[in-house]
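Step one of this worksheet: look at the structure below.
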């Protein structure tokens with residue numbers, strides 16, 4: 001009915017082995033060469049020096065009437081509250097641009113959806129802050 005002493009000793013050693021294995025798996029050490037470290041540091045410095053990339057946005061309106069631009073921006077924000085929008089003045093026009101995408105293919109799905117509410121929407125290239133990019 002009771003386990004034998006051999007089984008108890010075996011279970012004890014098995015438990016110690018499992019615990020030591022689990023503890024050693026928590027530590028991972030990497031030994032990279034100096035060349036790899038240099039390449040990684042160069043990558044980090046380059047990305048800090050260039051905070052913007054050439055990407056894509058959707059322009060939903062371009063008008064010379066500021067009130068119309070503000071009205072359309074408010075309507076857009078009420079329909080799509082989670083999508084960021086910006087406007088800029090390129091004399092004499094006010095432009096509303098939405099989203100921030102790395103590539104045109106990432107943007108196209110949302111463009112087809114947005115055209116239902118804003119038929120004048122078009123894709124435009126823009127300099128985009130890296131932290132503004134919308135994940136694909």
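Here are some notes:
- Taking a point 7 Å out from the Cα of residue 115 in the direction of its Cβ, the residues of region 70-95 whose backbone N falls within less than 20 Å of it are 76, 80.
- Full extension of the segment from residue 124 to residue 64, taken as 0.36 nm per residue of separation minus the current Cα-Cα distance, would add 19.8 nm.
- Remark: region 73-112 projects, on average over all directions, an area of 3.5 nm² (convex hull of Cα atoms).
- Gain on full extension, evaluated as 0.36 nm per residue between residue 33 and residue 91 minus their Cα-Cα distance, stands at 15.5 nm.
- Residues 40, 76, ranked from the fewest to the most other C-beta atoms within 10 Å, line up as 40, 76.
- P(r) tail fraction, region 55-130 - alpha-carbon pairs more than 18 Å apart, %: 35
- Beta bridges per DSSP, both residues in region 55-130: antiparallel share near 100 percent.
The numbers here are math on the coordinates, done by the rules we state, and not lab data. No experiment lies behind these values; they were computed from the predicted model shown. When we count neighbours, we look across all protein chains shown, and the Cβ atoms used for this are built from the backbone with ideal geometry, even at glycine.
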